[in-house]
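Working notes, beginning with the structure itself.
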Amino acid sequence: MSESEQGYFCKTCGEYHKELPMSYGSPVPDYCEDIPEEEWEGRIEMNEDLCIVDDEHFFIRGAIEIPVTDGEGPFIWDIWVSLSESNFDLTTEYWETEGRERKLDPMFGWLSTSITCYPETLELKTMVHTRAVGIPPFIELEPTDHPMAIEQRNGITINRIKKIGEELCHRDE
């Protein structure tokens, strides 16, 4: 068994989980969590990839890919990024266009998902790189000294991924 196939012991339930998750995600931008659930239908327009709040806040789901230095990868954070209205409109205009990744330049965005196993990640600066139809955009973090940005540049180990799994396992329960 390769190291990447090894599991981890969950600190919450105390059990051994055979598979090591290589991706974690957020179902909605954090901004949505501040809106009372009974108001969602009237204020949020959303599918699994795009979200508009109050007709003035625009989000796209993308992937922060982190190379795995000692195993198969990448490790992926499935997150939300805010876009300007004009960049959001451009993105939706080309949403189903074959070759869109060659037609759209990278777009500035703010990370809109808080990831608890890092210092605050909300509002980290990003560049959104459009990819082929059906593939979520690649999200490039601004090259700062934030631990997540460092990991995106330098990679992470299987051991670090296990620690993330231990921290996030059963968090929503």
Next item on the list: Name the most mobile residue of Glu38, Glu142, Glu19, meaning the one with the largest mean-square fluctuation, in a Gaussian network model of the chain with Cα contacts below 10 Å.
Entry: Glu38
Next item on the list: Would you be so kind as to identify which of Ile44, Trp80, Thr69 lies farthest towards the positive end of the dipole of the stretch 39-81, taking Lys and Arg as +1 and Asp and Glu as -1 on Cβ and the Cα centre as origin?
Entry: Thr69
Note to self: For the chain, what does the helix formula give at 222 nm: sum of -39500 (n - 2.57) over DSSP H segments with n ≥ 4, over the residue count, nearest 500 deg cm²/dmol?
What the structure shows: -5500 deg cm²/dmol
Check: Given labels modelled 7 Å from the Cα in the Cβ direction, how far is it in nm from Glu166 to Glu15?
Finding: 1.9 nm
Next item on the list: Could you tell me which of Ala132, Ser114, Ile150 has its Cα farthest along the dipole of the stretch 107-173 towards the positive end, charges placed at Cβ (Lys, Arg +1; Asp, Glu -1), taken about the Cα centre?
Entry: Ala132
Checklist line | Extension gain, Ser86 back to Asn47 (0.36 nm per residue minus Cα-Cα distance, nm) | finding: 12.1 nm
Checklist line | Where labels lie 7 Å past Cα in the beta-carbon direction, separation of Glu38 and Asn159 in nm | finding: 5.1 nm
Item checked: Tyr118-Glu98 FRET efficiency (beta carbon distance; Förster radius 25 Å; 0.05 resolution) -> 0.10
Notebook entry, point to check: Once both labels are modelled 7 Å past Cα along the beta-carbon direction, what's the Thr144-Lys125 spacing in nm?
Noted result: 0.9 nm
Next item on the list: In vacuum, with every alpha carbon of the stretch 1-120 counted as one equal point scatterer, what does the Debye formula give for log10 I(q)/I(0) at q = 0.13 Å⁻¹? Two decimals, please.
Entry: -0.69
Next item on the list: Please count, across the chain, the pairs of lysine residues with Cα atoms under 28 Å apart that sit 8 or more places apart or on different chains.
Entry: 7
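With a 1.4 Å probe and all protein chains left in place, how much of the accessible area of the stretch 1-135 comes from carbon and sulfur atoms, in whole percent?
After summing per-atom areas, the C and S share lands at 47 percent.
The values are calculated or read from the model by the stated rules, or taken from the named source; none is laboratory data. Model, not experiment: these values are computed from the prediction. Every residue, glycine among them, receives a Cβ derived from its backbone with ideal geometry; neighbour counts consider all protein chains shown. Calculation scope for accessible area: heavy atoms of the full protein, side chains included, ligands and nucleic acids excluded. Shrake-Rupley method; radii C 1.70, N 1.55, O 1.52, S 1.80 Å.
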